[in-house]
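Below is one structure, written out as structure tokens; the observations come after it.
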Amino acid sequence: MDNANTRFDPDLIHAIFKLVWSRTALEREKNEGADPLECEVGAATSKKNRPTSANANALKLSCELLRVFVIEAVERAATIAEAEGVNKIEATHLERILPQLLLDF
Amino acid sequence: MEEARSELEREEDEEATELLRDRFRLSTISIVEAQAKKSDMEISEPIVACISDLAFKYTEQLAKDLELFSQHAGRKTVNMEDVILSAHRNKHLASSLRSFCNDLKAKEIPSERKRKKASRKEDKASTSVVHIPDL
């Protein structure tokens, strides 16, 4: 069916990953900048401080992992709602499944 | 001066995060609605937003984990093994990711190697980083 709509876009996930990684790279740089000896060889360390990257398959796999995470959240909450005999998922249902969900991921 | 720059940087960072969070939320909404429809359930809007934020936080945490895993392996690039490792606490999740990973690999491998795939599934998993010709 419309499979493209029911999963995450690897580019989007890549953008989020890159944001986090550039943040940590920046932090690393700052920490090293505090060290006066490291300051001089800035050109050499810039390569070392290059942010992490990811290959295409790893991104697809991460998308799958996130999709499973979201689907599990909905499914588990739906089970609780069903047991209560209502057909709308509310906050209390999510609250009930949240601890175990976070332990499982 | 230095402070003003880092302030500006932080603002830019926050702006980028917000943008990505919104895009992420749109994807989550379509996944959640599709799933809810499948199981014949309605889902209230704040809960969808809640799940989306939860998943976004999880993504950020995942990014940190993956970076550490790949660094620990002495790499600068995250590969599929790192992603599977991040799910190591849940056997079912890890095995489902493993089979998804094998599917992805099977798509790339030309058909003549595909036939041998089943018997070599195990060791291919560990040789995915460095390509070792096994002929």
- Query: Taking neighbour counts of Cβ atoms within 10 Å as a proxy for exposure, in what order, fewest first, do B:Arg89, A:Arg67 appear?
  - Reply: B:Arg89, A:Arg67
- Message: Using each residue's phi in segment B:93-98, evaluate 6.51 cos²θ - 1.76 cosθ + 1.60 at θ = phi - 60° and report the 3J(HN,Hα) Karplus result to the nearest Hz, with x for Gly and Pro.
- Response: 5, 4, 6, 5, 5, 4
- Note on the structure: In nm, the gap between the two label points placed 7 Å beyond Cα toward Cβ at B:Asp22 and A:Glu75 is 3.3
- Message: Please list, ordered by chain and number, the residues whose modelled amide H lies under 5 Å from the amide H of A:Ala54; skip anything fewer than 5 residues away on the same chain.
- Response: B:Val78
- Query: Once amide H atoms are placed 1.01 Å from N in the peptide plane, what residues at a sequence separation of 5 or more from B:Glu42, or on another chain, have their amide H within under 5 Å of its amide H?
  - Reply: A:Lys88, A:Ile89
- Message: Below 13 angstrom from the Cβ of B:Thr77, what's the summed charge of the other residues (Lys, Arg +1; Asp, Glu -1)?
- Response: +1
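Read-outs throughout are calculated quantities, based only on the coordinates presented, and are distinct from any laboratory measurement. Keep in mind the model is a prediction, meaning the values are calculated, not measured. Methodologically, a virtual Cβ is constructed for each residue, glycine included, from the backbone with ideal geometry; neighbour enumeration extends over all protein chains shown.
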